[in-house]
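The values are calculated or read from the model by the stated rules, or taken from the named source; none is laboratory data. Model, not experiment: these values are computed from the prediction. FYI the Cβ positions are ideal-geometry reconstructions off the backbone, even for glycines, and counts take in every protein chain you see. What goes into the accessible areas is simple: the full protein's heavy atoms, side chains included, and nothing from ligands, DNA or RNA. Shrake-Rupley method; radii C 1.70, N 1.55, O 1.52, S 1.80 Å.
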Amino acid sequence: MEHYVIHGGNPLSGEVEIAGAKNAALGILAASIMADEAVTIENVPDVSDIRVLVQAIKSIGADVQHPDRHTYIINGAGIQDLPVDNEYVRRIRGSYYMIGALLGKYKRAQVALPGGCNIGLRPIDQHIKGFRALGADVSLESRGLVRAEAEELTGAHIYMDVVSVGATINIVMAASLAKGTTIIENAAKEPHVVDLANFLNSMGARIKGAGTDVIRIKGVDHLHGTEYAIIPDQIEAGTYMFAAAATKGDVTITNVIPKHLESLSAKLIEIGCEIEESDDALRVVASKRLGHTNVKTLPYPGFPTDMQPQIAVLLGLANGTSIVTESIFENRFKYVDELIKMGANITVESNTAIVTGVEQYHGAVIDAPDLRAGAALVTAALAAKGLSQVFNIHFIERGYEDFPEKLRSLGGEIVKVDTREEEENAKRTFLRRAQ
Ligand code: EPZ
């Protein structure tokens, strides 16, 4: 079975380049079908969630070209097959963006309910509330199909009850092709919401205020083709920042927007790392044992829930006791049992983890429970003494491009194996090198 064999203990050092943001790309690729002209999207990460969404987009009749690894050219002129329900759509959460895109363009959409990482209930009531406010009839059909239809979409004043990235993006898409003005209050402010709005504006949409609590959208009649490059992935960058810190390394992370990483840099500085920032790069140096702190996940610009497992891994090695509070999803501590197998001292009570630092983790055989927690456990294994094996790596491959390759370029001893023989070879090589 495919898994990673990891030999921990090497401080990561060197330079790593960050790919385009997966969660921005999911929204932008879905929105690209809203034009009947070619839309060129660059800096798309080559990860499995993206490949699955692209299959879903192809499956409804859009023309998709893939001239190089990180570029897609999509033309939605040929779309015919409106019900979007196939194995691709059901596999990833990002496919729910097809609802906003199709509803905006064709005033009707029928899309299978989203899959995605099992990190909590993940309702879509705010998406539905937004579509209904724009005048759509929305119903949940059998087999988990969401059907949304409208004679006409009309701009509305929408107050979001919770800050939701997905609902904000979906409503922005549909409202871009509605009649009149839509105002979304209590909107999500994540960098990928801003990226999606910039992308739609480059197609002729009229969206203002993305990145603040209030987004105003003046509907237009149609959207045209464009060329657009996706922003760098804030969470991939954060993962390497924290991996550098956990292994007491010295890593320069390039192709980033340091402003998007401020909540992460601030925590790293607070616990004793040095951070050097330039225009599009950031260097993290950790030369001593880190200190403890408390952290609570919040919508942007707060500390991201997607980095919660990574900071717990780091604080699990810090001096003293830290408290990690998860306030976005209900089920995001599933990795703790795996980390305990590596020697961590963590107890979870409801949405809070109490993390008492240990001197070192030790290698173990562990399962990745979801995408970000999987990446965090790999970080722990790189910091640990001895050999680890991480299974369920298909979760990690959903969102990290060339993860083992990039870690190896920083001196991490990690290799992806499939057969028993490959596993034994990898272990032998690592142990021989360690002698
Ligand atoms: C996006 O999920 C990301 N996924 C997640 O990243 C990320 O963890 C999350 O935003 C928060 O930043 C994608 O972009 C594809 P939300 P999303 O709607 O849009 C509640 C990763 O690892 N809520 O902002 O699903 C919800 O239950 C993934 O890359 C409602 O109550 O998250 C949660 O508590 C994992 N009703 C909170 O809002 C709704 O209708 C935030 O969810 C929608 C959401």
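Details
- Looking across Glu277, Glu326, Glu262, Glu330, one residue alone is in the same structural domain as Phe242 (by TED's automatic domain parsing), touching a residue at least 60 places away in the same chain (Cβ under 8 Å) and farther than 19 Å from Tyr361 by Cα. It is Glu330.
- Of the residues Gly291, Gly272, Gly302, Gly249, the single one that is within 14 Å of the ligand (Cβ to nearest atom) and either open to solvent by less than 20 Å² (accessible area, probe 1.4 Å) or in the same structural domain as Asp337 (by TED's automatic domain parsing) (or both) is Gly302.
- The set of residues in the stretch 356-397 that are among the aliphatic types (A, V, I, L, M) and either more than 23 Å from Asn425 (Cβ to Cβ) or within 16 Å of the ligand (Cβ to nearest atom) (or both) comprises Val358, Ala368, Leu371, Ala373, Ala375, Ala376, Leu377, Val378, Ala380, Ala383, Ile393, Ile396.
- Selection status of Met160, under 20 Å from Asp221 (Cβ atoms), modelled with pLDDT of 95 or more, within 16 Å of the ligand (Cβ to nearest atom) and not hydroxyl-bearing (Ser, Thr, Tyr): no
- Exactly one residue among Gly135, Gly130, Gly204 is among the small types (Gly, Ala, Ser) and within 13 Å of the ligand (Cβ to nearest atom), and that residue is Gly130.
- All helices (runs of 4 or more DSSP H) inside the stretch 7-92 with 3 or more residues being open to solvent by 20 Å² or more (accessible area, probe 1.4 Å) and more than 30 Å from Val285 (Cβ to Cβ): 48-59, 87-91
- Here is the figure for the stretch 176-218: residues that are open to solvent by 40 Å² or more (accessible area, probe 1.4 Å) and either closer than 23 Å to Glu151 by Cα or outside the structural domain of Tyr97 (by TED's automatic domain parsing) (or both) total 6.
- Residue pairs whose Cβ atoms lie under 8 Å apart, separated by 6 or more positions or on different chains, with the first residue in the stretch 62-78 and closer than 14 Å to Ala101 by Cα and the second in a loop (DSSP other than H, G, I, E, B) and open to solvent by less than 40 Å² (accessible area, probe 1.4 Å), are Ala62/Ile79; Ile74/Ala62; Asn75/Ala62; Asn75/Gly225; Gly76/Ala62.
- Residue list for the stretch 313-343, restricted to those being small (Gly, Ala, Ser) and surrounded by fewer than 17 Cβ atoms within 10 Å (Cβ to Cβ): Gly320, Ser327
- Candidates Ile6, Ile18 - the one that is more than 16 Å from the ligand (Cβ to nearest atom), β-branched (Val, Ile, Thr) and touching a helix residue (DSSP H, G or I) at 6+ places or on another chain (Cβ under 9 Å): Ile6
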